1. Helix 85-95 against the longest principal axis of the chain: what's the angle in degrees, Cα atoms only, rounded to the nearest 10?
2. How would THR27, THR66 line up from fewest to most surrounding beta-carbon atoms within 10 angstrom?
3. Give me the aspartates and glutamates in straight-line cross-link reach of LYS51: C-alpha distance below 17 Å, same-chain residues under 8 apart excluded.
4. For region 8-95, what is the relative contact order in percent, using Cα pairs closer than 8 Å and at least 6 residues apart in sequence?
5. Enumerate by residue number the chymotrypsin sites (Phe, Trp or Tyr not before Pro) in region 3-96 meeting two conditions: DSSP loop (anything except H, G, I, E, B), and at most 14 other Cβ atoms within 10 Å of the site's Cβ.
6. Can you list which of the trypsin sites (Lys or Arg not before Pro) found in region 18-70 are DSSP loop residues with at most 11 other C-beta atoms within 10 Å?
7. Summing -39500 (n - 2.57) over the DSSP H runs of n ≥ 4 in the chain and dividing by its residue number, what mean residue ellipticity at 222 nm do you reach, to the nearest 500 deg cm²/dmol?
8. So what's the chain giving for Cα Rg divided by 2.2 N^0.38 Å, two decimals?
Amino acid sequence: MLRTGSNLVYHELIGLYVEVVSHLDPTLKGLSGIVVDETMNTLRIADYNRKKIVTVMKKGGLFIFTIPETGEKVFVDGNKIFGRPEDRLKKFERQK
């Protein structure tokens, strides 16, 4: 299944470019980089400007992901991607 704006939340996020548009932690606003790991509660983002990996809570954040195949930018509410990555696919299958 191809990644699109409408189904991105059901796909793997590791390897995608992401930017934090807003967050409950205001110091994270503007953070951008590549998602290098994902857990139930967090995204780990390789921030090349700060030259380190930053852990960002999913809840309370608004993110822009860039789909590499199309260059499409997708706004994603962190509350929609909260939970284990493998469970997002199960949710998608149930919605069909």
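1. Helix 85-95 sits roughly 40 degrees off the main axis of the chain.
2. Working: THR27 9, THR66 14.
Arranged by neighbour count, lowest to highest, THR27, THR66 become THR27, THR66.
3. In chain and number order, the partners are GLU19, ASP37.
4. Details: 172 pairs, mean separation 25.0, N = 88.
So the answer I get is 28 percent.
5. Details: sites: TYR10, TYR17, TYR48, PHE63, PHE65, PHE75, PHE82, PHE92; in loops: TYR48, PHE82.
Filter output for region 3-96: TYR48.
6. Numbers: sites: LYS29, ARG44, ARG50, LYS51, LYS52, LYS58, LYS59; in loops: LYS29, ARG50, LYS51, LYS58, LYS59.
Within region 18-70, the qualifying trypsin sites (Lys or Arg not before Pro) (loop, at most 11 other Cβ atoms within 10 Å) are ARG50, LYS51.
7. Numbers: 1 runs with 11 residues, N = 96.
So the calculated ellipticity at 222 nm is -3500 deg cm²/dmol.
8. Values: Rg = 12.7 Å, N = 96, 2.2 N^0.38 = 12.5 Å.
Ratio of Rg to 2.2 N^0.38 Å for the chain: 1.02.
None of the figures in this text is laboratory data; all of them are computed from the coordinates on show. Not measured: the values here are computed from a predicted model. In this analysis, Cβ positions are derived from the backbone assuming ideal geometry, glycine residues included, and neighbour counts consider all displayed protein chains.
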